[in-house]
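As structure tokens, the structure follows; a few thoughts come after it.
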Amino acid sequence: MFDYKNIHSEDPAVLEIIKKETRRQSEEMELIASENYVSKAVLEAMATVLTNKYSEGYIGHRYYGGNQMIDEMESLAIERAKKLFNAEHVNVQPLSGSPANAAVYMAFLKPGDKVLGLKLDHGGHLSHGHPVNFSGMLYNFTQYEVDVKTGRIDMAKVREIALREKPKMIVAGYSAYSREVEWEKFKEIADKIGAFTFADIAHTAGLIAAGEMVNPVPFFDVVTTTTHKTLRGPRGAIIMCKEKFVKLVDRAVFPGMQGGPHEHIIAAKAVAFGEALKPEFKQYAKQVMANAKTMAEEFTKLGYQVISGGTDNHLMVVDMTNKGLSGKEAESVLDRCGISVSRSTIPNDPNPPMNPSGVRFGTPAITTRGLGQEEVKKVVTWINAAIEHKEETEVLEKIREEVKEMCLKFPIPSI
Ligand SMILES: *Cc1c(COP(=O)(O)O)cnc(C)c1O
């Protein structure tokens, strides 16, 4: 990839850290459901002179001169995203998922308005109304839940709460939910009370773009997604909406929320959208889901409690309670084996969010490396051995060596 010769001569301290992180990524296994590895082309697009440009405003209406090429780049990104998601309008400027969501609330709501979103410990996101987040501070959120027995969103309850509370907006789309979302039912409920429908597909966007999961874009009012999770682009986000909301959404992003867009990142978004439009990406998405299914089955065979009993997408939450350790302990044991995961709450978690009962596992990153179902089975046996022998340093060291060996056999694309 890059030879880094300029950082090497100008700033060895920074290069040293970059090199250590490169080594960590190449030798360790990434099972964090929100992470992925970008292609060399995406990485190259980010490291370009487009970072030098101020381009506040929109195509043909900028507040700075010299934006002809920037306009071209943004239209390319927009056209590709529209095709990918069958969207009427796309704003490619949001800096990341949370700012994109802030812009959506700003576009459709006034502070204090009532909104319905999924509870954080049931799989929702901070920006869906959690009290410590701007969303919970500025808007009056009511939260719905998953059914604790099935682990699935209880749509009858959603309907009941929506009809009672009459929120101005209903939010669907989650961070730690392993099942298909019943978008149509959400839409039907929202229509009954005249509420706006907002889908946050940050996690599943790549699977939706590949046609492997149901796409809410054609019938929801507004949809946001990050570009760096299953979509496998640079860190960032986009907002998609119906034609009639274009002005509201664009004004909320700029001048409402943001100043100058990050055009080098928009270039990288365009590259990633181009990649996602190719047939290989559909194969990738299918394999991500097949790997996740195998992983959930293997965990279940070994007596692990997978929330909702399995997965329809790229992730799963596993309750560690019956294995005698907390999510945080499991995270740190696996860290010692070179396996990165994120602790996660389980629905109605009796433990606090900093030390929750579960672990979230995801397959987007390992699938990009080329791991298939056979390797996934091996990975689960390592995870199980690490958890069963969590006090035995030699066992953990041996697993660490085996993990490293497999990782080196499946190099990440940008190294
Ligand atoms: C990851 C995520 C976000 C936030 O994205 P950032 O880029 O980290 O701000 C928003 N919503 C959902 C559902 C997410 O999973």
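The values are calculated or read from the model by the stated rules, or taken from the named source; none is laboratory data. From a predicted model like this one, the values you see are computed outputs, not experimental measurements. Every residue, glycine as well, gets a Cβ built from its backbone with ideal geometry; the counts of neighbours run over all protein chains shown. Heads up: the accessible areas ignore ligands, DNA and RNA and are worked out on the full protein's heavy atoms, side chains in. Shrake-Rupley method; radii C 1.70, N 1.55, O 1.52, S 1.80 Å.
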Task: V115 open to solvent by less than 50 Å² (accessible area, probe 1.4 Å), part of a strand (DSSP E or B) and more than 16 Å from the ligand (Cβ to nearest atom) - done: no
Task: Single residue of S344, S332 found to be open to solvent by 40 Å² or more (accessible area, probe 1.4 Å) and outside the structural domain of Y174 (by TED's automatic domain parsing) - done: S332
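Looking only at the stretch 30-80, which residues are among the small types (G, A, S) and closer than 30 Å to V317 by Cα?
A33, S34, S39 - these are the residues of the stretch 30-80 that are among the small types (G, A, S) and closer than 30 Å to V317 by Cα.
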Task: Count - residues of the stretch 91-101 that are within 11 Å of the ligand (Cβ to nearest atom) and buried (at least 24 other Cβ atoms within 10 Å of the Cβ) - done: 4
- [ ] Kindly provide the set of residues from the stretch 195-248 that are within 10 Å of the ligand (Cβ to nearest atom) and of a type in the set (S, T, N, Q), ordered by number.
- [x] T204, T224, T225, T226, T227
Open item on the list: Where the second residue is open to solvent by 60 Å² or more (accessible area, probe 1.4 Å) and hydrophobic (A, V, I, L, M, F, W, C) and the first is outside the structural domain of C337 (by TED's automatic domain parsing) and lies in the stretch 394-415, which pairs have Cβ atoms under 6 Å and are six or more apart or on separate chains?
Closed with: S414/M1
Open item on the list: Being crowded, with 20+ Cβ neighbours inside 10 Å, in a loop (DSSP other than H, G, I, E, B) and touching a residue at least 60 places away in the same chain (Cβ under 8 Å) is the filter here; which residues of the stretch 180-211 pass it?
Closed with: A195, A202, H203, T204, A210
Task: Enumeration of residues in the stretch 58-83 that are in contact with a helix residue (DSSP H, G or I) (Cβ under 7 Å, 6 or more places away or on another chain), farther than 27 Å from S414 by Cβ and small (G, A, S) - done: G60
Task: Where P131 falls short, out of the listed (1) within 15 Å of the ligand (Cβ to nearest atom); (2) at pLDDT below 95 - done: (1)
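Among the residues of the stretch 368-388, what is the count of those that are more than 14 Å from D335 (Cα to Cα) and either open to solvent by less than 80 Å² (accessible area, probe 1.4 Å) or not assigned by TED's automatic domain parsing to the domain that holds E298 (or both)? Explain how you work it out, then say what you get.
Let us first name the residues in the stretch 368-388 that are more than 14 Å from D335 (Cα to Cα), namely 368-378, 380-381, 388.
Those still in the list that are either open to solvent by less than 80 Å² (accessible area, probe 1.4 Å) or not assigned by TED's automatic domain parsing to the domain that holds E298 (or both) too: 368-373, 375-377, 380-381.
Summing the residues that are more than 14 Å from D335 (Cα to Cα) and either open to solvent by less than 80 Å² (accessible area, probe 1.4 Å) or not assigned by TED's automatic domain parsing to the domain that holds E298 (or both) in the stretch 368-388 gives 11.
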